[in-house]
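Undergrad: Mind looking over this structure? Questions follow.
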Amino acid sequence: AIAEPVLSVNNIEVIYDHVILVLKGVSLTVPEGGIVALLGANGAGKTTTLKAVSNLLRAERGDVTKGSIVFRGERVEALSPNQLVRRGCIQVMEGRHCFGHLTVEENLLTGAFTRRDGAAAIRSDLEMVYSYFPRLKERRQSLAGYTSGGEQQMCAIGRAMMARPKMILLDEPSMGLAPQLVEEIFEIVRQLNGNEGVSFLLAEQNTNMALRYAGYGYILENGRVVLDGDAATLRENEDVKEFYLGIG
Ligand code: ATP
């Protein structure tokens, strides 16, 4: 049986500042429990797509002017980012955005701000996060601003996990990190997906790495999906090899 989609984006158009048409009819689906990669060059519209889903667009004067977005059976275009978080959809922004002047642990705790289930549950989720990210446990008393880029990326994902999400929109986790560290982070994403049931929509320029961890991928060019398919199929596609994997 085909899994129920946790997210479906249906033919959305996004315009910035009332004039700049950036997404020209983007559709995609994330199955329940899936990892889906959103691929494409710098400027193709990946971040805009994620922000359309999480409703972080408005802060940048962007609007979804056409189409619909359905998260767990509910139309969500009119909700606030905060309401999306409460429903279990969290974006981890590109560039990591930890609070540099807070400790790693304080950063993680900020992720629990929407929860009403008490200190014990939050404590236990903190331990859950540390079990996936032992490095964060070691660094828990350090100011996040003084930790490495990889640790900050882990901290940003860990903080998202503290909200008990159903889905994480993960924007360019590989950015600026050494390949081995990227591998480490993707490996943890895979575990969170498998063990905690979190679905991922993963925007990445690192096509090769993303297609090794995702089940399915969409390639965006200039605000449109130009190709989509199973990760294995995309990896063998001649155009993908030539333009995105640098082989062929
Ligand atoms: P990147 O890897 O740089 O994040 P991307 O594929 O995520 O690339 P977007 O950031 O979604 O691409 O940008 C898509 C297009 O929208 C680009 O042409 C960009 O200049 C434009 N754009 C992004 N944000 C805004 C904004 N706030 N106002 C106007 N135009 C914007």
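The values are calculated or read from the model by the stated rules, or taken from the named source; none is laboratory data. What you are looking at is a predicted structure, and each value in this text was computed from that prediction instead of being measured. Note that we place each Cβ from the backbone using ideal geometry, even for glycine, and neighbour counts take in every protein chain shown. What goes into the accessible areas is simple: the full protein's heavy atoms, side chains included, and nothing from ligands, DNA or RNA. Shrake-Rupley method; radii C 1.70, N 1.55, O 1.52, S 1.80 Å.
Undergrad: By the gyration tensor of its Cα atoms, with a ≥ b ≥ c the square roots of the eigenvalues, what is the shape of region 4-86: rounded for a/c under 1.5, prolate for a/b over b/c, or oblate?
TA: oblate
Undergrad: Next question. How tilted is helix 118-132 with respect to the longest principal axis of the chain? Cα atoms for both, answer in degrees (0 to 90, nearest 10).
TA: Helix 118-132 sits at roughly 70 degrees to that axis.
Undergrad: Where only protein heavy atoms count, and the probe is 1.4 Å, what is the accessible area per residue for region 95-248 in Å²?
TA: Ligands and nucleic acids excluded, the figure is 46 Å² per residue.
Undergrad: Return P(r) of the chain (all Cα-Cα pairs; 10 Å bins starting at 0; whole %; ordered from short to long distances).
TA: Once binned at 10 Å, the Cα pair distances of the chain give 8, 32, 36, 20, 4, 0.
Undergrad: By average Cβ neighbour count within 10 Å, what is the ranking of 36-42, 236-242, 131-137 from highest down?
TA: 36-42, 131-137, 236-242
Undergrad: Which percent of the accessible area of region 54-181 is formed by carbon and sulfur heavy atoms (probe 1.4 angstrom)?
TA: Values: 3150 of 6070 Å².
Percent of accessible area from carbon and sulfur atoms in region 54-181: 52.
Undergrad: I'd like the accessible area for Phe113, computed on protein heavy atoms only with a 1.4 Å probe and all protein chains in place. Round to 10 Å², please.
TA: Here the residue's solvent-accessible area equals roughly 140 Å².
Undergrad: Let me ask something else. Quick check on my link table: of Lys46/Lys66; Lys66/Lys241; Lys51/Lys166; Lys46/Lys137, which ones sit more than 25 Å apart, alpha carbon to alpha carbon?
TA: Result: Lys66/Lys241; Lys46/Lys137 exceed 25 Å.
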